[in-house]
Structures are given as structure tokens and as C-alpha cells.
1. Checking the condition surrounded by fewer than 18 Cβ atoms within 10 Å (Cβ to Cβ) and more than 30 Å from V29 (Cα to Cα), which residue from A249, A224, A203 passes?
2. Scanning for something without any contact (Cβ under 8 Å) to a residue 60 or more places away in the chain and buried (at least 23 other Cβ atoms within 10 Å of the Cβ), does the stretch 29-44 turn up at least one residue?
3. Any idea which residue in the stretch 162-195 is nearest to the chain's Cα centre (by Cα), counting only those that are among the hydroxyl-bearing types (S, T, Y) and more than 30 Å from F227 (Cα to Cα)?
4. C108 versus (1) under 12 Å from G43 (Cβ atoms); (2) surrounded by fewer than 17 Cβ atoms within 10 Å (Cβ to Cβ): which is the lone unmet condition?
5. Could you list, in sequence order, the residues of the stretch 31-51 that are acidic (D, E) and under 20 Å from R20 (Cβ atoms)?
6. When the stretch 55-84 is examined, which residues are found to be closer than 20 Å to F110 by Cα, touching a residue at least 12 places away in the same chain (Cβ under 8 Å) and aliphatic (A, V, I, L, M)?
7. Can you name every residue in the stretch 2-28 that is part of a loop (DSSP other than H, G, I, E, B) and within 12 Å of the ligand (Cβ to nearest atom)?
8. Looking at the stretch 204-230, I want the residues that are within 18 Å of Y114 (Cβ to Cβ) and have a partner that is surrounded by 19 or more Cβ atoms within 10 Å (Cβ to Cβ) and among the charged types (D, E, K, R) with Cβ atoms under 7 Å, at least 6 apart or on another chain. Which pairs are those?
Amino acid sequence: MKPYLMESEEEARRLVAQARAHPVSQHLVTTGLSEGHAALDAGCGPGVITAVMAHQVGPSGSVVGLDLNPERLAEARASCEPLPNCRFIQADVRTSGLPDACFDYVWCQFVLEYLPRPETALAELVRMTRPGGRVVVSEVDGVGTFNWPMSPVVQAGIPKFLQALASTGFDIHAGRKMYHLFRHAGLKDVRVHLSPLWVVAGAADSRLMRDWSIRLQTLEPVAAPAFGGLEAYREFSQAYLDLLCDEDALKYSVLLVTEGRKP
Ligand SMILES: C[S@@+](CC[C@H](N)C(=O)[O-])C[C@H]1O[C@@H](n2cnc3c(N)ncnc32)[C@H](O)[C@@H]1O
């Protein structure tokens with residue numbers, strides 16, 4: 001089993017395109033990232049958001065990008081090379097090895113959804129945050145399932161697809177669970193911000209089509225058994241891509257950004 005479900009040769013390109021399509025700078029500002037902060041981007045991937053954070057904290061601040069995957073980190077280091085206030089470390093977000101209370105602001109996007117026990121990672125994010133600092137988790141909720149109308153192949157396939165993902169520990173509803181987890185982690189002033197991840201009334205653009213084509217292909221080894229074999233899974237994948245470019249169908253997905261203050 002791959003440590004990260006979505007790992008593939010095209011994953012870095014997919015993540016860069018996704019991060020550029022959904023700019024997070026407003027979420028970072030709204031949840032309190034400020035000039036001079038020492039900040040963490042936990043599960044930073046290829047570093048697109050780390051760079052945005054580095055600009056927002058400015059020369060008097062600093063950002064650490066943390067990721068488990070050495071290839072993602074190499075890409076992040078290369079793209080953030082001109083930014084002297086960024087550094088990167090290879091670590092597991094659940095056991096980072098970083099000191100207690102070393103950050104003013106901790107950001108973690110699209111990582112906890114992959115972890116079977118997200119509360120362990122959240123406790124580690126809280127541990128690294130100084131009293132008064134903020135922990136912010138950005139997650140999907142029901143991604144890819146809010147569509148109408150759906151063909152019978154898509155309708156019948158989505159529960160199988162979700163069941164296969166769940167068997168790996170991936171939680172499609174991670175976003176809605178963060179408020180409860182934040183409260184139980186002892187965080188205060190917990191707030192949740194909801195925004196669209198995409199709203200496609202008609203045909204999806206080439207970026208979203210490519211994103212889903214990579215996702216569906218990468219997940220073949222995990223999902224095909226739930227469909228009784230590769231052929232049936234590929235039929236579902238094609239029907240899903242057809243839905244994405246259906247001019248008469250609505251497709252949307254939401255992002256939930258949850259923030260809390262460490263007391
Ligand atoms: C979907 S990507 C999100 C990247 C970035 N946060 C973004 O929003 O573009 C998930 C990232 O989390 C990393 N990851 C997965 N499990 C991890 C763990 N246990 N510790 C640290 N990083 C992890 C993966 O290597 C990958 O780069």
C-alpha cells in the first residue's frame with residue numbers, strides 16, 4: 001500500500017494545477033496568517049501554497065513546508081528557492097519531530113482526509129502551535145458526489161467507488177468532521193468557512209477533466225476490485241468523465257476551512 005493513496009507520476013502536476021485553480025490566499029488572511037508569523041504548511045506537496053504563505057508572512061516571518069514524500073519536497077524546494085524565508089523538512093505530520101509551540105499559524109490542506117486517525121495528526125498540529133496561535137485545516141466534503149443528473153452507471157458506481165476509498169482510510173467527509181475534532185482537541189473559537197471548490201454548470205474545463213482523469217486512473221488498483229474488475233471500473237470512469245463534460249448536468253463540490261485558537 002502506498003503511504004499516500006493518490007501517489008502517481010502525474011500527482012505533482014495535478015496538485016500544482018489544483019492549487020492554482022483554487023487560490024487560498026483569502027482563506028489564509030481570513031484565518032489569521034499575518035506578517036512576521038512563523039508558519040507551518042503541513043503536507044505541503046509541491047509547495048504552491050507554501051510560497052503564497054511565505055509572501056504573506058513577509059521577510060520578518062518564516063514558513064516551514066513539511067511533507068512525507070521526498071519527490072514532492074524536491075519540487076517544493078526548487079519552486080521556492082528564490083524565497084529565503086521558506087524551508088522544507090521531510091516528516092510525517094503525525095510525528096513531526098518539531099519542537100512544541102514553535103509556530104504562530106499552522107495550515108494543513110487535503111492531508112487529514114487520507115489518514116485513518118486524523119485526530120493523531122491534529123494533536124500534533126496543536127502541539128506545534130504556540131498558545132494563542134491558530135490551527136487551520138482545509139478539507140473537502142463529499143467531493144465528486146454532488147452531481148445532477150447522473151447516468152445509471154455513475155449512480156450505481158459512486159457507492160462502490162466510495163467504499164473502495166473508505167477501505168484505504170480515505171474519508172470523503174473529512175471536512176464536516178473537523179469542527180468536532182477541533183473542539184475535542186481543546187481548540188477555542190472554532191469557526192468553519194464554507195466555499196465552492198468547483199461549480200460546473202455545463203461542461204467542465206480541461207483542468208478539471210484532466211484532474212479527474214488522473215484521479216480515476218491512479219485509483220484503478222484500489223477501486224477495480226470493488227467493481228468486480230478493471231473493465232467495469234473503466235466503464236464507470238468513462239461514464240464519470242462523460243458526466244463532467246455533460247452540457248446539461250450540474251456538478252459542484254465544497255471546501256470546508258476550519259480554524260481554531262490554541263488556548
Ligand atoms: C493532496 S496533497 C495536498 C498538498 C497541498 N497541501 C495542497 O493543498 O496542494 C497531500 C500531500 O500530503 C502528503 N502526505 C500524505 N500523508 C502524509 C503524512 N502522513 N505526513 C506528511 N505528509 C503527508 C502527500 O505526500 C501529499 O504531498
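1. Values: A249 fails: surrounded by fewer than 18 Cβ atoms within 10 Å (Cβ to Cβ); A224 fails: surrounded by fewer than 18 Cβ atoms within 10 Å (Cβ to Cβ).
The match here is A203.
2. Among the residues of the stretch 29-44, at least one is without any contact (Cβ under 8 Å) to a residue 60 or more places away in the chain and buried (at least 23 other Cβ atoms within 10 Å of the Cβ), which makes the answer yes.
3. Step one: filter the stretch 162-195 for residues among the hydroxyl-bearing types (S, T, Y), giving 167-168, 179, 195.
Then keep just the ones that are more than 30 Å from F227 (Cα to Cα); that gives 179, 195.
Details: Y179: 16, S195: 14 Å.
Looking at residues that are among the hydroxyl-bearing types (S, T, Y) and more than 30 Å from F227 (Cα to Cα), I get S195.
4. All conditions pass for C108, except number (2).
5. Going residue by residue through the stretch 31-51, those that are acidic (D, E) are 35, 41.
Selection gives D41 alone.
6. V63, V64, L66, L68, L73, A76
7. Taking the stretch 2-28 and keeping what is part of a loop (DSSP other than H, G, I, E, B), we get 2-10, 22-24.
Residues satisfying the conditions are K2, P3, Y4, L5, M6, E7, S8, H22, P23, V24.
8. Between residues of the stretch 204-230 that are within 18 Å of Y114 (Cβ to Cβ) and residues that are surrounded by 19 or more Cβ atoms within 10 Å (Cβ to Cβ) and among the charged types (D, E, K, R), the close pairs are D211/R14; I214/R14.
The numbers here are math on the coordinates, done by the rules we state, and not lab data. On a predicted model such as this, the values are computed, not experimentally measured, just so you know. Here Cβ is always computed from backbone atoms with ideal geometry, including for glycine, and neighbour counts include all displayed protein chains.
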